[in-house]
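Encoded as structure tokens, the structure appears first; notes follow it.
Read the figures in this text as sums done on the coordinates, not as results from a lab. Bear in mind the structure is a predicted one, so any value in this text is a computation, not a measurement. Heads up, the Cβs are rebuilt from the backbone with ideal geometry, glycines too, and the neighbour counts pull from every protein chain shown.
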Amino acid sequence: MVQSLHFWVFFIIFGLGRCDFIFMNSLSKVFGESFINNDHFLATTGAIAGLMNGSGRLVWGFLSDVLGIQKTLMVQTGVLTLLMFSFYATKLGGEVMYFVWVSAIIFTSAGGFSFTSRCCNDFLW
């Protein structure tokens with residue numbers, strides 16, 4: 001299994017794709033504090049991001065069943081890339097843009113965790 005190309009492609013996609021999730025969960029509030037002075041708003045954003053994490057896993061899992069894992073993974077990775085590259089612009093958009101971007105990034109990146117078992121089943125065994 002470790003010698004197969006599918007294993008290494010999946011390993012790289014999953015390994016690099018989870019950096020965004022770790023960054024957002026650990027540092028999104030610290031980044032938001034640099035331009036938002038409302039701690040209650042930042043805490044609420046974090047709590048709603050947790051809800052987006054759970055719902056994102058369901059939605060992306062459903063989409064992978066309907067569209068197939070490869071198409072869904074390409075869409076998820078593309079959307080996540082655009083969101084992460086434009087995240088710094090939330091400083092210009094203020095609280096509303098920050099809330100939407102954090103929620104969307106957590107929602108989108110949660111899909112990677114719903115793909116793991118399917119990818120292992122389809123490609124690695």
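Which of rounded, prolate, oblate describes the stretch 1-55, given a ≥ b ≥ c as roots of the alpha-carbon gyration tensor eigenvalues and a/c under 1.5 marking rounded, otherwise prolate only if a/b is larger than b/c? Judged from the Cα gyration tensor, the stretch 1-55 comes out prolate (a/c at least 1.5, a/b above b/c).
Only helices at least 15 Å long along their own axis, judged from Cα atoms, and with Kyte-Doolittle mean hydropathy of 1.0 or greater: name those in the chain from DSSP H. The answer, listed by residue number, is 5-17, 69-85, 90-109.
Taking a point 7 Å from the Cα of Tyr88 along the Cα-to-Cβ direction, the residues of the stretch 32-48 with backbone N closer than 20 Å to it are 32-36.
Would you work out the relative contact order for the chain, in percent, from Cα pairs under 8 angstrom that are 6 or more residues apart? Intermediate values should be presented prior to the final figure.
Numbers: 111 pairs, mean separation 51.9, N = 125.
Contact order relative to length: 42 percent.
Seen through its C-alpha gyration tensor, with square-root eigenvalues sorted a ≥ b ≥ c, the stretch 34-83 comes out oblate because a/c lies at 1.5 or above while a/b is not bigger than b/c.
(i) 50, 26, 19; (ii) 52, 35, 24; (iii) 42, 36, 21: which one is Cα extents along the principal axes in Å as calculated from this entry? So the calculated entry is the one marked (i).
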